[in-house]
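Visitor: The following block contains the structure, expressed as structure tokens.
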Amino acid sequence: MAETEVLIIGCGIAGATAALQLARNPGRQITVITRAADPHESNTQYAQGGIIGRGLNDDPEILLADILAAGAGVSSPYAARILAEEGPPILHEVLEKSAGVKFDSDSSGQPLWGKEAAHSRRRVLHVGDGTGAAIMNGLITALRSCPNITIESNVTAVDLITFPHHSRDPLDNYQPIACHGAYMFNRPEHTVHRYLAAVTVLATGGLGRIYRNTTNPPGSRGDGLAMALRAGARIVNAEYVQFHPTALAAPGAEGLLISEAVRGEGGILLTPDGRQFMAGYSPEWKDLAPRDVVARAIHHEMETHDYSYVLLDIASRMPADAIRSRFPNIYAQCLKAGIDITRELIPVVPAAHYFCGGVLVDEWGRSSIDNLYAVGEISCTGVHGANRLASTSLLEGLVWGNRAARHVEKTLNQAAARKPGFTDVPPWDESGLFAEPDPALIQGDMQTIQNIMWHYVGLVRNEERLSRAIRELRHLWNEIETFYRTTKLADGLIGLRNAIEVALLIAQAAQHNRQSRGCHYRHDSVSVEGDRLI
Ligand code: SIN
């Protein structure tokens, strides 16, 4: 049992920023929960390319136009404007000043602005190709210096505590749904505890791991999204799963992200027989076309010509020393996989990368459930629309983490007045569960989900594939639900149950939406923006 004022589930850039902002009031008590043993471990940690600042000859209107164009008509202009206007100043305040992150700069201290796909300006701040790791180092150090923040690692959220669902008072049925914390699984102890909070902030990241090929780390299995779904939160745009065009295709190193910044520095895509192809798909942007266009172009080339990968050439476009200093991690990781990117071409394939949909939130990060906020990849602010512009995700986490915290600060007293006590919320009941979680079943079922999602709910969809996916996922859902209801809790089992629920959600949203837009592409539908489809 634990009690806190603000419970933040997840410790990437969005959750950490919310915690830091709240901690400015020394009277606040904030608990940050992370499933990983090391709080640095999050999607943010793996971000390579960077984060948008106010670039050269740039202004909020130009950035806004780029976000809306990439979003393929589905981005909220209101939310995108907030990001474009507030993002760069908040980045300076939080990352540079509070967290001490030092972005790459020249000898006179001017930022070395990077370029990524579909950006009309050079405006991406970076720390080599390890921007996310540098940001997490700064943020975790800053969090640890705040006496009113408690970080608890190795704890997996199981379910949100919501009333009337978990209330013992039948009269709560007449009240709006409200969140009062979460049930948490302590991984080393194998015990479940009630964490009661006046306000809960979901910052659990994405869900790429429900796909066979992904750039995401193991924790990205849709945990927060599934909890919000079960609690009855409004979820939108679930069909928009973004595929990154260039993940390494080398045995043993699959899924390693080869940053878009490599193409930003001049890298070009080639077929295995040496043909450049992106001009044929996007004469305007070529290799720096929006991500959905490049990923589909690669897929199309691979399918039409039966290639198992395409190639990315940076070796002939940049001096070897410059490659090593701009992309030290990619260089080292590829070398480990037997590829020297200063001399050789890099085999790449698309992989699931980012969830553009999520828990619908307003401009303050509020979900449709009282006292429940969502920030970062799990949320849908409307910024990303049908296809996220590169390097907006860290910025969105920063802006909405900060905004959510500011809103919580203003309204916390009201929320605290409605916070229940331990006698009002039933403890977790594991009585009657004797079966030990069988890792073979968990792994086997997870692989089945990943294969179904990859083949039938992937980059190119159609009615037949989607209805097959839904039938198979429903069958598996039944099996997994029975398994869950009869087995002692384990982190893998929690993740499996969440993964099947979000997989079904995405497949159903994809079936429901017959219009191809951005990263939701159905080759059996009528195009709404013919020039972007293949
Ligand atoms: C990349 O470095 O290519 C990824 C950046 C992003 O996802 O925005």
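The values are calculated or read from the model by the stated rules, or taken from the named source; none is laboratory data. Computed from a prediction, not measured in an experiment: that's the story for all the values here. Because the Cβ atoms are built from the backbone with ideal geometry, glycine has one as well, and the counts that use them run over all protein chains shown. The area values use the complete protein model at the heavy-atom level, side chains included, leaving out ligands, DNA and RNA. Shrake-Rupley method; radii C 1.70, N 1.55, O 1.52, S 1.80 Å.
Visitor: How many of the residues making up region 357-378 are of a type outside the set (Ser, Thr, Tyr), more than 15 Å from the ligand (Cβ to nearest atom) and in contact with a Ser or Thr (Cβ under 7 Å, 6 or more places away or on another chain)? I'd like the intermediate steps shown before the answer.
Guide: Keep residues of region 357-378 that are of a type outside the set (Ser, Thr, Tyr), which gives 357-366, 369-372, 374-378.
Okay, now just the ones that are also more than 15 Å from the ligand (Cβ to nearest atom), so 357-366, 369-372, 374-375, 378.
Going one step further and asking which of them are in contact with a Ser or Thr (Cβ under 7 Å, 6 or more places away or on another chain), we end up with 358-361, 365, 369, 371-372, 374, 378.
The qualifying residues number 10.
Visitor: Let me spell it out: the conditions are (1) open to solvent by 10 Å² or more (accessible area, probe 1.4 Å); (2) within 16 Å of the ligand (Cβ to nearest atom); (3) in contact with a Cys (Cβ under 8 Å, 6 or more places away or on another chain), and SER393 meets all of them except one. Which number is the exception?
Guide: Status for SER393: all satisfied but (3).
Visitor: Could you check region 91-113 and list, in sequence order, the residues that are more than 14 Å from GLY53 (Cα to Cα), open to solvent by less than 90 Å² (accessible area, probe 1.4 Å) and polar (S, T, N, Q)?
Guide: Once the filter is applied, which keeps residues that are more than 14 Å from GLY53 (Cα to Cα), open to solvent by less than 90 Å² (accessible area, probe 1.4 Å) and polar (S, T, N, Q), region 91-113 yields SER98, SER108.
Visitor: Here is a further query. Of ALA133, ALA197, which residue is in a helix (DSSP H, G or I), more than 28 Å from ILE506 (Cα to Cα) and either among the polar types (S, T, N, Q) or within 26 Å of the chain's Cα centre (by Cα) (or both)?
Guide: ALA133
Visitor: List, please: which pairs have Cβ atoms under 8 Å, are six or more places apart or on different chains, and start with a residue in region 258-269 that is free of Cβ contacts under 8 Å to residues at least 24 places away in the same chain and end with one that is charged (D, E, K, R) and more than 9 Å from the ligand (Cβ to nearest atom)?
Guide: none
Visitor: For THR381, indicate whether it is modelled with pLDDT of 95 or more, within 30 Å of PHE163 (Cβ to Cβ), within 16 Å of the ligand (Cβ to nearest atom) and surrounded by 24 or more Cβ atoms within 10 Å (Cβ to Cβ).
Guide: Details: modelled with pLDDT of 95 or more: yes; within 30 Å of PHE163 (Cβ to Cβ): yes; within 16 Å of the ligand (Cβ to nearest atom): yes; surrounded by 24 or more Cβ atoms within 10 Å (Cβ to Cβ): yes.
Yes: the conditions hold for THR381.
Visitor: Any idea which of THR246, THR214, THR271 is among the hydroxyl-bearing types (Ser, Thr, Tyr), in contact with a His (Cβ under 8 Å, 6 or more places away or on another chain), within 16 Å of the ligand (Cβ to nearest atom) and at pLDDT 95 or above? Step through it out loud before you land on a result.
Guide: Values: THR246 fails: in contact with a His (Cβ under 8 Å, 6 or more places away or on another chain); THR271 fails: within 16 Å of the ligand (Cβ to nearest atom).
Result: THR214 is the single residue among THR246, THR214, THR271 that is among the hydroxyl-bearing types (Ser, Thr, Tyr), in contact with a His (Cβ under 8 Å, 6 or more places away or on another chain), within 16 Å of the ligand (Cβ to nearest atom) and at pLDDT 95 or above.
Visitor: Tell me, please, whether a residue that is part of a loop (DSSP other than H, G, I, E, B), surrounded by fewer than 20 Cβ atoms within 10 Å (Cβ to Cβ) and within 15 Å of the ligand (Cβ to nearest atom) can be found in region 58-66.
Guide: Taking region 58-66 and keeping what is part of a loop (DSSP other than H, G, I, E, B), we get 58-59.
Checking which are surrounded by fewer than 20 Cβ atoms within 10 Å (Cβ to Cβ) leaves us with 59.
Those left that are additionally within 15 Å of the ligand (Cβ to nearest atom): none.
The answer is no, given that none of the residues of region 58-66 is part of a loop (DSSP other than H, G, I, E, B), surrounded by fewer than 20 Cβ atoms within 10 Å (Cβ to Cβ) and within 15 Å of the ligand (Cβ to nearest atom).
Visitor: Can I ask one more? Please tell me if PRO39 is in contact with a Cys (Cβ under 6 Å, 6 or more places away or on another chain) and more than 25 Å from ARG324 (Cα to Cα). Lay out the reasoning, then the answer.
Guide: Working: in contact with a Cys (Cβ under 6 Å, 6 or more places away or on another chain): yes; more than 25 Å from ARG324 (Cα to Cα): yes.
For PRO39, the condition - in contact with a Cys (Cβ under 6 Å, 6 or more places away or on another chain) and more than 25 Å from ARG324 (Cα to Cα) - is met.
Visitor: Considering only residues that are open to solvent by less than 40 Å² (accessible area, probe 1.4 Å) and in contact with a Leu (Cβ under 8 Å, 6 or more places away or on another chain), which ones fall in region 40-57?
Guide: Passing the criteria: THR44, ALA47, GLN48, GLY50, ILE51, ILE52, GLY53.
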